[in-house]
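Here's the structure we're looking at; comments come further down.
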Amino acid sequence: MARTEIVKQLWAYIRRNNLQDPNNKRKIICNDELRLVFETDSTDMFKMNKLLAKHIRPLEAKKDSNRDSKKLKPVDSEPISPAETDVNQLPIILSDALVSFFGTGEKEMPSSEAVKRVWDHIKSNNLEDPANPTMILCDSKLKQLFGCESLTAMNRLTGL
């Protein structure tokens, strides 16, 4: 589940159980269930994301358990720090528009792969503006994805 969806559901729970401080709506008074999750009696909407961080992990690539079972690390090994992982290789959930653009039905993939596939489409269809290679002229598929006639390559494609 996406982090934003977790936060939405958490806020729905907080409102449903009337856990907001009536004098300061940003403050959350933890009931027994939230105390188990947050390990505190109260928090605020800004600290809540930090407290959630230890419970949320990024999606991992699906692996063949038989093939990788020999490569599993012992439980007591040190976890890999976020600085050591390449964020571009972690799977992301693709928007419906991007799934439709690729036409493969894949709903998640590393962001680097998504950007590569869009660039492959741009290059194979000669969509780079010959007068200005940093501009991309959108064909019908790119117009449907980005909603514009042209875009700057440097800022739109890096944030897929």
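We did not get these values from a lab; they are worked out from the coordinates using the rules stated. Here the structure is a predicted model, which is why all the values come from computation and not from measurement. Positions of Cβ are generated from backbone atoms using ideal geometry, with glycine treated the same way; all protein chains shown enter the neighbour counts.
When a/c is below 1.5 the answer is rounded, else prolate if a/b is larger than b/c, else oblate, so apply that to the stretch 3-53 with a ≥ b ≥ c taken from the square roots of the Cα gyration tensor eigenvalues. It would help to have the intermediate numbers written out before the result.
On the way: a/c = 1.35, a/b = 1.18, b/c = 1.14.
The shape class here is rounded.
Residues whose amide H falls under 5 Å from that of Met109, counting only those 5 or more places apart or on a different chain, are Ile92, Leu94, with hydrogens built in the peptide plane. Between Ser100 and Asn126, the modelled label-to-label distance comes to 2.8 nm, taking each label 7 Å out from Cα in the direction of the beta carbon.
The mean sequence separation of alpha-carbon pairs under 8 Å and at least six residues apart, normalised by the residue count of the stretch 3-53, gives a relative contact order of 25 percent.
Among the listed pairs Lys8/Lys123; Lys8/Lys107; Lys8/Lys141; Lys8/Lys143; Lys107/Lys143, which have their C-alpha atoms separated by more than 28 angstrom in this model? Walk me through the numbers before you get to the answer.
Working: Lys8/Lys123 39 Å; Lys8/Lys107 22 Å; Lys8/Lys141 32 Å; Lys8/Lys143 31 Å; Lys107/Lys143 20 Å.
As for pairs spanning more than 28 Å Cα to Cα, those are Lys8/Lys123; Lys8/Lys141; Lys8/Lys143.
Basic side chains Lys and Arg get +1 at the Cβ, acidic Asp and Glu get -1 at the Cβ, and with that the dipole of the stretch 3-53 about its Cα centre reaches some 280 debye. Here the Karplus curve 6.51 cos²θ - 1.76 cosθ + 1.60, taken at θ = phi - 60°, turns the phi angles of the stretch 116-132 into couplings of 4, 5, 5, 5, 4, 5, 4, 6, 5, 9, 6, 9, 6, 5, x, 6, 8 Hz, with x standing for Gly and Pro.
Here's how it looks for Met135: its modeled amide H is under 5 Å from those of Asp129, Ala153, which are all 5 or more places away or on a different chain. Taken along the Cα-to-beta-carbon direction at a fixed 7 Å, the label points for Gln20 and Glu33 span 1.8 nm.
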